[in-house]
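**Q** The structure under discussion is supplied below as structure tokens; questions concerning it will follow.
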Amino acid sequence: MNTTLNLTELKGKFRGQIIERNDPKFNDVRALYNGMIDKRPLAIAQCANVADVITAVNFGRDSGIPIAIRGGGHNGPGLGSVNDGLVIDLSQMRGVRVDPTSRTARVEPGCTQGDVDHATHAFGLAVPAGIISTTGIAGLTLSGGHGYLTRKYGLTVDNLIEADVVLADGSFVTAGRDKNADLLWALRGGGGNFGVVTSFLFQLHPVSIVFGGPIAFDQKHARTIMQQYREFLGTAPEELGIFLGLKSVLSCAPFPQEHWGKRMCLLMCCYDGSEVEGKKALAPLLGKLPEPWFDWRGTMPYPAVQSMFDGLYPKGMQWYWRGDFVKTLTDAAIDTHLAQAAQTPTELSLMHLYPIDGAVHRRAGGDTAWNCRDATWSMVIAGIDPDPQKAGTVTRWTKAYWEAVHPFNLGGAYPNFMMDDEGTARLEASFGENYSRLAGVKKKYDPKNLFRVNQNIKPAA
Ligand SMILES: Cc1cc2nc3c(=O)[nH]c(=O)nc-3n(C[C@H](O)[C@H](O)[C@H](O)COP(=O)(O)OP(=O)(O)OC[C@H]3O[C@@H](n4cnc5c(N)ncnc54)[C@H](O)[C@@H]3O)c2cc1C
């Protein structure tokens, strides 16, 4: 393995910064969102523009070192970085151009979700994405992207119209409906396998002021809440984004002190509409549930609900994730969830069930690489704690919880909720019948598997 690189030529051609191991900024720049992952690249190429991306791809390929592509650096197993290789870091490329006439946005690959929401909100528009604003739009989009607007407007990939890509041979292509359509299909869920995306074109939707927030119940009522939520979801208007969580009330402001550290069942809502309509939409469910500990729904700009949890989940904590797609939530599955959630090892650890229905179900499985359109939820179990000493504890709890509930679930998971120790069979199950087609597209655009630091799809034989 190479441990030194001759970077003189690269630096001569590069407009952004090349950060090496002896650079005082190296440790800060290489740090990932998940503090459990500690990778030491040989160099980090912070690209300023597409020309830099082409230069970096050519340099990495010709040097024979592994290449990682970094957007927001939020990936669970840290696939935005690589030991002893080159990181193509896009975090400085953060432009967004909104076209209010066509209701589209051109987004550069270093943007966070918050960057995109900020830019589009000024026009009363939004693209569906995840629930924490610091997440990178690139990694989230390329593996799917689900959040509050998904029931009404689909996944983030369902709203991806076009992408510019630097391929493994250094060439630049645009993938759209009329050109390189196979590549666009693969980028809509197949992850960072096909090249470095340097620009995304998204379809936007009229979303501006929403009615949303958390409703927290004592976890002793969770069986009833989960059963009623299960029955309610299929009848709920698609304007209502609503996920369920088994977690704890954190021992800090603004949470009511009498509940600090207690286990709760959370309903987190975002209604795309007025308070009156939002209350009406949720009333059939709330009418069947006990009194909550607190109900903090309110009227707010969409970017406010999108960033509501940011402060609770800062960069650098220990995270271990496991996910599954869930089709039906049986009573036996609920009982298993409750037994596992009762053993949550830290206050931040959680289980969330995100709805995958409505607009997601209106597309056929083969329309995009993202395949699991007959699921009802995307489940994540995340063991989380700020203390590195707890890394083993949160990992063991997550794995045990997942092993207990997995038999009730579908075979695959949302790839963005997978670590890198789950094996190829899990990835194949996640893509189902799309897997072999993805392997074919990979063979066409990256036959030597240059881009392999990801949830890797091997080129077809
Ligand atoms: C706190 C938290 C909350 C989350 N909530 C949600 C949620 O609500 N909904 C949801 O859908 N997901 C959610 N996620 C998962 C998130 O989508 C993934 O972690 C995603 O990988 C993050 O993207 P990134 O750009 O920040 O990651 P990075 O670590 O930078 O990259 C992740 C992967 O994407 C690839 N990649 C990144 N940029 C490019 C590019 N320009 N071209 C090609 N490949 C690229 C990389 O190769 C790497 O494999 C959440 C994650 C966290 C940590």
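**Q** Among the strands (runs of 3 or more DSSP E) confined wholly to region 169-238, which include 3 or more residues that are open to solvent by 20 Å² or more (accessible area, probe 1.4 Å) and aliphatic (A, V, I, L, M)? Even if it seems obvious, please write down each step before you answer.
**A** Numbers: elements: 172-175, 196-203, 209-218.
Fully inside region 169-238 and qualifying: nothing.
**Q** Using the structure shown, decide if Lys179 is free of Cβ contacts under 8 Å to residues at least 12 places away in the same chain and not polar (S, T, N, Q). Don't jump to the end; show me each part of the working.
**A** Working: free of Cβ contacts under 8 Å to residues at least 12 places away in the same chain: yes; not polar (S, T, N, Q): yes.
Judged against the criteria, Lys179 is a match.
Condition check ((1) touching a residue at least 40 places away in the same chain (Cβ under 8 Å); (2) open to solvent by 20 Å² or more (accessible area, probe 1.4 Å); (3) not in a loop (DSSP other than H, G, I, E, B)) across all residues:
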{"position": "Leu266", "(1), (2), (3)": "yes, no, yes"}
{"position": "Val276", "(1), (2), (3)": "no, yes, yes"}
{"position": "Lys279", "(1), (2), (3)": "yes, yes, yes"}
{"position": "Leu285", "(1), (2), (3)": "yes, no, yes"}
{"position": "Pro292", "(1), (2), (3)": "yes, yes, no"}
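**Q** Right, another one. Taking region 122-143 as the search range and keeping residues that are more than 6 Å from the ligand (Cβ to nearest atom), of a type outside the set (S, T, N, Q) and crowded, with 24+ Cβ neighbours inside 10 Å, which one is nearest to Val360 (Cα to Cα)?
**A** Pro128
**Q** Quick one: is Val116 in contact with a helix residue (DSSP H, G or I) (Cβ under 9 Å, 6 or more places away or on another chain), away from the ligand (no atom under 14 Å from the Cβ) and among the aliphatic types (A, V, I, L, M)?
**A** Working: in contact with a helix residue (DSSP H, G or I) (Cβ under 9 Å, 6 or more places away or on another chain): yes; away from the ligand (no atom under 14 Å from the Cβ): no; among the aliphatic types (A, V, I, L, M): yes.
The answer is no for Val116.
**Q** Please find, within region 328-337, the residue that is nearest to the ligand (Cβ to nearest atom) out of those that are open to solvent by 20 Å² or more (accessible area, probe 1.4 Å) and not in a loop (DSSP other than H, G, I, E, B). Don't jump to the end; show me each part of the working.
**A** In the first step, residues of region 328-337 are kept if they are open to solvent by 20 Å² or more (accessible area, probe 1.4 Å); the result is 328, 330-332, 335-336.
Now narrow it down to the ones that are not in a loop (DSSP other than H, G, I, E, B): 331-332, 335-336.
Numbers: Asp331: 27, Ala332: 27, Asp335: 26, Thr336: 24 Å.
Ranking the candidates gives Thr336 first.
**Q** Under the condition of being within 15 Å of Val196 (Cα to Cα), out of contact with any helix residue (DSSP H, G or I) (no Cβ under 8 Å at 6 or more places or on another chain) and among the small types (Gly, Ala, Ser), which residue from region 68-104 is nearest to the ligand (Cβ to nearest atom)?
**A** Within region 68-104, the match that is nearest to the ligand (Cβ to nearest atom) is Gly73.
**Q** Please name all residue pairs, on different chains or six or more residues apart, with Cβ atoms under 6 Å, provided the first residue is in region 412-431 and is within 19 Å of His146 (Cα to Cα) and the second residue is within 12 Å of the ligand (Cβ to nearest atom) and among the polar types (S, T, N, Q).
**A** Matching pairs, first to second residue: Tyr414/Ser378; Pro415/Ser143; Pro415/Gln455; Asn416/Ser143; Leu427/Gln455.
**Q** If Thr299 passes every condition in (1) assigned to a strand (DSSP E or B); (2) open to solvent by 20 Å² or more (accessible area, probe 1.4 Å); (3) within 28 Å of Arg396 (Cβ to Cβ); (4) not charged (D, E, K, R) but one, which one does it miss?
**A** (3)
**Q** For region 165-185, which positions are under 16 Å from Ile88 (Cβ atoms) and among the β-branched types (Val, Ile, Thr)?
**A** First, the residues of region 165-185 that are under 16 Å from Ile88 (Cβ atoms): 165-172.
Passing the criteria: Val165, Val166.
**Q** Kindly establish whether Phe255 is open to solvent by less than 50 Å² (accessible area, probe 1.4 Å) and part of a strand (DSSP E or B). Lay out the reasoning, then the answer.
**A** On the way: open to solvent by less than 50 Å² (accessible area, probe 1.4 Å): yes; part of a strand (DSSP E or B): no.
So Phe255 fails the test.
**Q** A further question on this structure: Return a yes/no flag: does region 302-311 have any residue that is open to solvent by 60 Å² or more (accessible area, probe 1.4 Å) and either touching a helix residue (DSSP H, G or I) at 6+ places or on another chain (Cβ under 6 Å) or touching a residue at least 24 places away in the same chain (Cβ under 8 Å) (or both).
**A** Here is the first cut: in region 302-311, the ones open to solvent by 60 Å² or more (accessible area, probe 1.4 Å) are 308, 311.
Those still in the list that are either touching a helix residue (DSSP H, G or I) at 6+ places or on another chain (Cβ under 6 Å) or touching a residue at least 24 places away in the same chain (Cβ under 8 Å) (or both) too: 308.
Yes - at least one qualifying residue is present in region 302-311.
**Q** Something else now. Just to be sure, is Pro388 more than 13 Å from the ligand (Cβ to nearest atom), under 30 Å from Arg263 (Cβ atoms) and touching a residue at least 12 places away in the same chain (Cβ under 8 Å)? Steps first, please.
**A** On the way: more than 13 Å from the ligand (Cβ to nearest atom): yes; under 30 Å from Arg263 (Cβ atoms): yes; touching a residue at least 12 places away in the same chain (Cβ under 8 Å): yes.
For Pro388, the condition - more than 13 Å from the ligand (Cβ to nearest atom), under 30 Å from Arg263 (Cβ atoms) and touching a residue at least 12 places away in the same chain (Cβ under 8 Å) - is met.
**Q** Take the residues in region 158-168 that are buried (at least 21 other Cβ atoms within 10 Å of the Cβ) and charged (D, E, K, R); name whichever of them is nearest to Gly124 (Cα to Cα).
**A** Of everything passing the filter in region 158-168, Asp158 is nearest to Gly124 (Cα to Cα).
**Q** Show me the helices (runs of 4 or more DSSP H) entirely contained within region 366-461 in which 2 or more residues are out of contact with any Asp or Glu (no Cβ under 7 Å at 6 or more places or on another chain), open to solvent by 40 Å² or more (accessible area, probe 1.4 Å) and more than 20 Å from Lys247 (Cα to Cα).
**A** Numbers: elements: 391-405, 424-431, 434-445.
It comes to 424-431, 434-445.
Every residue, every condition in (1) in contact with a helix residue (DSSP H, G or I) (Cβ under 7 Å, 6 or more places away or on another chain); (2) among the hydrophobic types (A, V, I, L, M, F, W, C); (3) within 12 Å of the ligand (Cβ to nearest atom), yes or no:
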residue: Leu5; (1), (2), (3): yes, yes, no
residue: Gly12; (1), (2), (3): no, no, no
residue: Arg15; (1), (2), (3): yes, no, no
residue: Arg21; (1), (2), (3): no, no, no
residue: Val29; (1), (2), (3): no, yes, no
residue: Ser63; (1), (2), (3): no, no, no
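**Q** Considering each residue of region 144-153, count those that are more than 12 Å from the ligand (Cβ to nearest atom) and not hydroxyl-bearing (Ser, Thr, Tyr), and give that number. Let's see the steps before the verdict.
**A** Taking region 144-153 and keeping what is more than 12 Å from the ligand (Cβ to nearest atom), we get 151-153.
Among the residues that remain, those that are also not hydroxyl-bearing (Ser, Thr, Tyr) are: 151-152.
Result for region 144-153: 2.
**Q** Also, I was wondering about something else. Suppose the filter is more than 27 Å from Ala304 (Cβ to Cβ), open to solvent by less than 20 Å² (accessible area, probe 1.4 Å), within 9 Å of the ligand (Cβ to nearest atom) and not β-branched (Val, Ile, Thr); does Pro109 pass it? Walk me through how you get there before you give the answer.
**A** On the way: more than 27 Å from Ala304 (Cβ to Cβ): no; open to solvent by less than 20 Å² (accessible area, probe 1.4 Å): yes; within 9 Å of the ligand (Cβ to nearest atom): yes; not β-branched (Val, Ile, Thr): yes.
For Pro109, the condition - more than 27 Å from Ala304 (Cβ to Cβ), open to solvent by less than 20 Å² (accessible area, probe 1.4 Å), within 9 Å of the ligand (Cβ to nearest atom) and not β-branched (Val, Ile, Thr) - is not met.
**Q** Scan region 83-100 residue by residue and report those that are open to solvent by 50 Å² or more (accessible area, probe 1.4 Å) and touching a residue at least 24 places away in the same chain (Cβ under 8 Å).
**A** Within region 83-100, Asn83, Gln92, Pro100 meet the criteria.
**Q** Do we find that Phe325 is under 16 Å from the mean Cα position of the chain (by Cα), over 23 Å from Tyr33 (Cβ atoms) and open to solvent by less than 20 Å² (accessible area, probe 1.4 Å) in this structure?
**A** Working: under 16 Å from the mean Cα position of the chain (by Cα): yes; over 23 Å from Tyr33 (Cβ atoms): yes; open to solvent by less than 20 Å² (accessible area, probe 1.4 Å): yes.
So Phe325 passes the test.
The values are calculated or read from the model by the stated rules, or taken from the named source; none is laboratory data. In this text, all values refer to a predicted model and were calculated from it rather than measured experimentally. Positions of Cβ are generated from backbone atoms using ideal geometry, with glycine treated the same way; all protein chains shown enter the neighbour counts. Ligands, DNA and RNA are excluded from the accessible area calculation, which covers all protein heavy atoms including side chains. Shrake-Rupley method; radii C 1.70, N 1.55, O 1.52, S 1.80 Å.
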